[in-house]
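J.: Could you have a look at this structure, given as structure tokens, before my questions?
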Amino acid sequence: HELRLCSSRAAPVLITGCVASSQEERESGGLLILAAYYGDVQAALRTMDSAHGEHEAGAIGEAGAPKWLDVRVALQYAVVNSTLVLPARSKRALRGFARMGAAAQLDGNGAACALWIRYELGGEVATVCVDDEQPLRLERSISCR
């Protein structure tokens, strides 16, 4: 799937595609995105720990932009044949992502905007966190196939 900036009209397509992808991946023991946050990842994780619930966007930063986004649906939609590949550039232009507020570009600890993903692949649960412009490839290893 080509990843591009999501409009509100594209949301139903993402959700429908995510459901289909999740079912296919679950049946084949493939790649399931369990949770994913983009932006101020530490703020997202603190919010999830304290709220014990799901939120689509985090606290509002400068100029009304959220500090973080829940991007689980967008990433599951992008999974093809148990593989997720993200380019070595800012994730803000990917479908389902957005430009974060200036405050999210650097969190209180000086950490850059990031992407955090908890996923299941081949029955194993793992977590990965990458800087915004770092590439990412999640796939089954040859030994798992």
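The values are calculated or read from the model by the stated rules, or taken from the named source; none is laboratory data. Just so it is clear, the model here is predicted, and its values are computed rather than measured. For neighbour counting, all protein chains shown are included, and Cβ atoms are generated from backbone atoms with ideal geometry for every residue, glycine included. Note: areas computed on protein heavy atoms with side chains; ligands, DNA, RNA excluded. Shrake-Rupley method; radii C 1.70, N 1.55, O 1.52, S 1.80 Å.
J.: Please go through segment 22-44 and give me each residue that is acidic (Asp, Glu), in contact with a helix residue (DSSP H, G or I) (Cβ under 7 Å, 6 or more places away or on another chain) and surrounded by fewer than 20 Cβ atoms within 10 Å (Cβ to Cβ), ordered by number.
T.: Result: no residue meets the conditions.
J.: Now a separate question. Got a number for residues in segment 93-145 being at pLDDT below 90 and on the phi < 0 side of the Ramachandran plot?
T.: Here the count works out to 24.
J.: Turning to a different aspect of this structure: Among the residues of segment 17-41, write down those that are aliphatic (A, V, I, L, M) and not in a helix (DSSP H, G or I).
T.: Listed by number, the residues that qualify are Leu31, Leu32, Ile33, Leu34, Ala35, Ala36.
J.: Just for segment 126-142: of the residues that are under 12 Å from Ile33 (Cα atoms) and open to solvent by less than 50 Å² (accessible area, probe 1.4 Å), which one is nearest to the chain's Cα centre (by Cα)?
T.: Across segment 126-142, the extreme among qualifying residues is Val128.
J.: In segment 60-92, what residues are modelled with pLDDT under 90, part of a loop (DSSP other than H, G, I, E, B) and open to solvent by less than 60 Å² (accessible area, probe 1.4 Å)?
T.: Once the filter is applied, which keeps residues that are modelled with pLDDT under 90, part of a loop (DSSP other than H, G, I, E, B) and open to solvent by less than 60 Å² (accessible area, probe 1.4 Å), segment 60-92 yields Gly61, Ala65.
J.: Considering (1) modelled with pLDDT of 85 or more; (2) out of contact with any His (no Cβ under 8 Å at 6 or more places or on another chain); (3) open to solvent by 20 Å² or more (accessible area, probe 1.4 Å), say which one Thr47 fails and leave the rest.
T.: Of (1) modelled with pLDDT of 85 or more; (2) out of contact with any His (no Cβ under 8 Å at 6 or more places or on another chain); (3) open to solvent by 20 Å² or more (accessible area, probe 1.4 Å), only one is false for Thr47: (2).
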